[in-house]
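Read the figures in this text as sums done on the coordinates, not as results from a lab. Note that the structure is a prediction, hence the values are computed from the model and not measured. Don't worry about glycine lacking a Cβ; one is built from the backbone with ideal geometry, like all the others, and counts go over all protein chains shown.
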Amino acid sequence: MTSWVRKPRDRNRVARRFVFDAGVQDISGLGPGAPLSRLLNLLGERETLHWLPVRHRHVVDGVVIDMPRDWAGLEQLLCTRFAEEAPGIRAFLGEVRLIHRDLYAGMQAARYRPIAQLPLAEQMQWRRLFPHAANAAGRPYGECLQRHIRNPTLLGIFSLLAEYVTDDPARTSLTDMVPLFGYYIDGGFYPAGGAQKLPDLLCRVIERHGGKIRLKTGVTRFTLCEGRIAGVELTSGAVVHAPVVISNADVASSHGTLLGTYDLPPRYRQRLRQLQRGPSAILINLGLATVPDMPARVFVKQGDLVFGLSNPSVLDPSLAPPGHAALCLLHLLPEAEAGPWLGLAPAQYEQAKEAHARRLIEAAGRVVPGLDRHILHYEVAAPPTFLRYIRSENGSIYGAARGQWCPAVRSPVPGLFLAGAGMATGPGVEAAVLSGLHAAHAVMDG
Ligand SMILES: Cc1cc2nc3c(=O)[nH]c(=O)nc-3n(C[C@H](O)[C@H](O)[C@H](O)COP(=O)(O)OP(=O)(O)OC[C@H]3O[C@@H](n4cnc5c(N)ncnc54)[C@H](O)[C@@H]3O)c2cc1C
């Protein structure tokens, strides 16, 4: 969650100021009792940031649907546009709504702890109280969707949201996907000023409570003493002592390079080795000398090509000069396509980025007519960029692929806790915050 400023010059040599984000522009989890609300309430910061409501448009093979931000409106619109599918739409959305209600009520009832960590009797009671959430775990999303819906455009609309967690919707379960429908229940939001505003706020809270933030400081390994965590060693060689370490580094490196030769339980080690990484991405930030007529978020499917466009300056004019826009294009790359990027020589890398950018900008031009003519500035991130900044294997952006085992927040190494997108809660700010709450409770519960 970071933002930066660029000041490209226009054809009259006038510098134009744009604020770009590293892709995070549609944040969920701000509904009553949802993880981000919970965190901000706990910190006494619920009202600090100005959250701007993001509207969604879906463009599925040329069919344009502007999605209402409320559930009743969504159901009504889809039942009107796809009248022949209305009973299936109602049944599908009804099922999703029940699971969503149970998941969020169940999250609060579990006091933001993983259900599997609750005492057994409490777990059983939880399953009785929240049967829709309990039954959703591990159930394939596609199976539920296809039971109710036949129309390919509708299937496209309900699958495009998966872009927020995976490049492969077939791998998702109802527990992965139903929270994404929260965008049409509690809404998705953009923090005014840019994505960086949220981490900046969290940094202020940490420092206000006596904590210290060390930016641009790599951790090279965890230090251990008598089989338990004792601290971290920094790239400078300095050691920071700590009885507890919470790591939101890439899930593989937390137990790989950072942990070294620690004797993990064989089954755990094997599962880690088998973890699939999930997608990387091509991300293009564009400074435009025009304001595209589109909402803040557009999901696009053109045949096999799927990508997202974000247009946050339509919500927050401070991100671009008047008459300009800061546009962001995100295209996921499957794990197998991301790998080859990492071995490219510098010249090949630049060529590959340019070729991909050209192809994607051309495709985006079918959604934003004349896009090409209005580009004042653009910059492209590819798997090596994410490898560098997220420090994830293969430059994966979503932690780990969906539909597989993920480690629990409490590592087998005493004193080591894990959080972030690689956990069972999955990727996305809301999910990462929930994993952080899980980790914090695991530490506090001892
Ligand atoms: C392009 C893109 C678009 C996205 N869009 C959205 C969106 O619109 N909405 C949404 O909710 N989510 C979005 N996400 C997902 C969301 O950003 C992530 O799921 C979330 O930020 C994960 O949080 P995290 O704490 O696990 O990891 P990160 O945010 O990746 O933070 C991990 C940090 O640890 C640092 N680190 C790793 N190893 C070390 C080490 N050894 N030493 C020191 N530091 C280290 C990394 O450099 C990084 O800064 C997007 C992600 C990407 C990449």
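Structure values in brief
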read-out	value
Distance between the range 96-125 and the range 144-169 - C-alpha centres, whole angstrom	26 Å
Backbone HN-Hα couplings from phi across the range 415-430 [Karplus 6.51/-1.76/1.60, Hz, Gly and Pro as x]	x, 9, 10, 10, 8, x, 5, x, 7, 4, 5, x, x, x, 4, 4
Directionally averaged shadow of the range 1-90, computed from the convex hull of its alpha-carbon atoms, nm²	10.0 nm²
Sequence ranges 41-48, 198-205, 23-30, ranked by mean other-Cβ count within 10 angstrom, highest first	23-30, 198-205, 41-48
Amide proton proximity set for His56, modelled H, under 5 Å, gap of 5+	Met67
Max mean-square fluctuation residue, GNM over the chain, Cα-Cα springs under 10 Å, options Ala121, Ala105, Ala382	Ala121
Protection proxy ranking, peptides 66-78, 182-194, average beta carbon neighbours within 10 Å, highest first	182-194, 66-78
Under Karplus coefficients 6.51, -1.76 and 1.60, residue-wise ³J(HN,Hα) of the range 359-364 in Hz, glycine/proline x	5, 6, 5, 5, 5, 5
Per-residue Cβ neighbour rank within 10 angstrom, fewest leading, Thr385, Thr425, Thr2, Thr172	Thr2, Thr385, Thr172, Thr425
Thr223 long-range amide H proximity, modeled H, under 5 Å	Ala230, Gly231, Val232, Glu233
Normalised convex hull volume, the range 70-186, alpha-carbon set, Å³ per residue	103 Å³
Value of [θ]222 nm, deg cm²/dmol, for the chain, DSSP H segments ≥ 4, -39500 (n - 2.57) each, nearest 500	-10000 deg cm²/dmol
For the chain: relative contact order, % (alpha-carbon pairs under 8 angstrom, 6 or more apart)	21 percent
Mean Cβ count within 10 Å, highest first, over the residues of peptides 314-321, 209-216	314-321, 209-216
Compactness of the range 165-299 - radius of gyration and Dmax, Cα, Å	20.3, 62
As computed over the chain, the Cα convex hull volume per residue (Å³)	158 Å³
Relative contact order (%) - the range 346-426, alpha-carbon pairs under 8 angstrom, separation at least six	18 percent
Total formal charge among the other residues, if their Cβ is under 12 angstrom from that of Val306, Lys/Arg +1 and Asp/Glu -1	-4
Equivalent-ellipsoid semi-axes of the range 279-376, from the Cα gyration tensor, Å, largest first	26, 15, 12
Neighbour net charge for Asn285 - beta-carbon separation under 14 angstrom, K R +1, D E -1	+3
